[in-house]
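So the structure is just underneath, and the comments pick up after that.
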Amino acid sequence: MSLLQIKDLEVRFAASGSGMFGLNKRWVKAVNGVSLNLAAGETLGLVGESGSGKSSLGRAILHLNPISAGQVLFDGIDMARGSTIDIARLRHETAMIFQDPYAALNPRHTVGETLAEVLRVQRKVAPQQIARRVDELLELVGLRPELAVRKPGSLSGGQCQRVGIARALAVEPRLIIADECVAALDVSIQGQIINLLLELQQRMNLAILFIAHDLAIVRRLCDRVAVMYLGKIVEEGPVEAVFTSPRHPYTAALIQAIPEIDPHRPLPTEPLPGEPPSPLNLPTGCAFHPRCRYAQTLCSVVLPPTRFLHEHRYSCVLEEPLLQPTPAILEQPPL
Ligand SMILES: Nc1ncnc2c1ncn2[C@@H]1O[C@H](COP(=O)(O)OP(=O)(O)O)[C@@H](O)[C@H]1O
Ligand code: SF4
Ligand SMILES: [Mg+2]
């Protein structure tokens, strides 16, 4: 059984400025019927343009966002309907790593105080063991224990993100949700943090949901990848299958934008022409149709079927493999 099972999950927010007192209230469907599984020790990449709902999905899994419909099962237990004890267990077995390492840490607390506080709340070690465990955690993420007396403001971005990872590991989690956790770092530091996550994941059999818009990093770090567009997963499968043979035109365009000449160059954040439509006003049929070069008349009318190829699935009317994506995909203006 998968460690994490997400079934038909929906997350919606009241749009700002929409009718007060419930009149004419408009909703943003940030997550619009997502189903995904994550096994123990597995790394799943979640990619898609800004606004596609990645953070809302990640936060809903940890119950940091309200769930409007669907289920999130952790170890087979539905957390939305779980008892207080189950929710407490979820808190003890999951952790999040955030994008901005400085904003995620309390600037007034030393690194040691921040880590000690998690250990105290989690009660995973005896009070007299806390100081030693703080040192161990710092060493685990490649930091000198002397750093424990420093405050976040005196650390580099890379050091801060290592502290963020140490804090996540203090919980001894089985699942980590990392939301754009290397996006704010220099490329060389990104590589170090990715290597650290890979090493820790193998050593601790961690399941990681790795949210990123950089596909090159996802290819290096993840076992599987899910591609999100306007609240839905449009394609999902083993990294190699999806990267070498993308089936959904959106995935193909994202992959096409990975710079091949210099694998260390970060991806442009807007790899496709035009903006995704507003989730307040979702296009009918396939939500990608206004930007899809393969769109057929049918695409604007009906939801595309989900097709399965072994462990690889995608939602599109196209049955045949896409031709090798060409630069033309990117040059097409929105229809
Ligand atoms: N707390 C919120 N209140 C209202 N709308 C939100 C909230 N959080 C996210 N959204 C909206 O939900 C959509 C998805 O956002 P988000 O999950 O942050 O996407 P991503 O992480 O892929 O950039 C966006 O349209 C965003 O404006
Ligand atoms: S269903 Fe149609 S519009 Fe949507 S991705 Fe496939 S071809 Fe393009
Ligand atoms: Mg986000």
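The values are calculated or read from the model by the stated rules, or taken from the named source; none is laboratory data. Predicted model, so just to flag it, every value in this text is computed and none were measured. Glycine gets a Cβ as well: all are built from the backbone with ideal geometry, and neighbour counts include every protein chain shown. Note: accessible area is taken over every heavy atom of the protein model, side chains too, but ligands, DNA and RNA are not part of it. Shrake-Rupley method; radii C 1.70, N 1.55, O 1.52, S 1.80 Å.
Within the chain, which is the longest segment that contains none of the GluC sites (Glu not before Pro) sitting in a DSSP loop with at most 11 other Cβ atoms within 10 Å? Show your work: numbers first, answer last.
Values: sites that count: GLU260, GLU311, GLU319.
Of all site-free stretches, the longest is 1-259.
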Along the stretch 211-221, Karplus-curve 3J(HN,Hα) (6.51, -1.76, 1.60; θ = phi - 60°) to the nearest Hz, with x for Gly and Pro, reads 8, 7, 9, 8, 5, 5, 5, 4, 4, 6, 8
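How many percent of the accessible area of the stretch 4-331 is carbon or sulfur, using a 1.4 Å probe?
On the way: 8080 of 15300 Å².
Summing carbon and sulfur atoms, their accessible area is 53 percent of the total for the stretch 4-331.
Could you work out the helix-only [θ] at 222 nm for the chain, with each DSSP H run of four or more residues adding -39,500 (n - 2.57) and the total divided by the number of residues, to the nearest 500 deg cm²/dmol? Provide the component values of the computation, followed by the final result.
Details: 10 runs with 98 residues, N = 335.
That calculation yields -8500 deg cm²/dmol at 222 nm.
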The size of the Cβ-based charge dipole (Lys, Arg +1; Asp, Glu -1) of the chain about the Cα centre, to the nearest 20 debye, is 940
Given a 1.4 Å probe, the accessible area of the chain per residue, as a whole number of Å², is 47
Any residue on another chain or 5+ positions along whose placed amide H is under 5 Å from the amide H of VAL225 is listed here as GLY45, GLY237, VAL239
For the stretch 301-308, Karplus-derived ³J(HN,Hα) couplings (6.51, -1.76, 1.60; θ = phi - 60°; whole Hz; x for glycine and proline) come out as 10, 10, 5, x, x, 8, 10, 10
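If you average the sequence gap of Cα pairs under 8 Å that are 6 or more apart and divide by the length of the chain, what percent do you get for the contact order?
Details: 627 pairs, mean separation 64.9, N = 335.
Once divided by the residue count of the chain, the mean separation gives 19 percent.
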Taking placed amide H atoms and a strict 5 Å upper bound, the residues 5 or more places from ASN32 or on another chain that come that close are VAL11, LYS232
The FRET efficiency for ALA88 and VAL302, from their Cβ-Cβ distance with R0 = 56 Å and rounded to 0.05, is 0.80
Log entry: pair-distance distribution for the chain, C-alpha pairs binned every 20 Å from zero, whole % per bin is 30, 56, 14, 0
Looking only at lysines whose Cα falls under 26 Å of LYS151's and that sit 8 or more positions away or on another chain, we get LYS124
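Going from most exposed to least, what order do SER245, SER188, SER315 have by accessible area with a 1.4 Å probe? Don't skip to the answer; put the middle values down first.
Working: SER245 45, SER188 80, SER315 25 Å².
From most exposed to least exposed: SER188, SER245, SER315.
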Exposed-loop cut sites defined as trypsin sites (Lys or Arg not before Pro) in DSSP loop states with at most 11 other Cβ within 10 angstrom; longest site-free run of the chain spans 124-335
Residue by residue through the stretch 151-164, the couplings from Karplus 6.51 cos²θ - 1.76 cosθ + 1.60 with θ = phi - 60°, in Hz, x for Gly and Pro, are 9, x, x, 9, 10, 6, x, x, 4, 4, 5, 5, 5, x
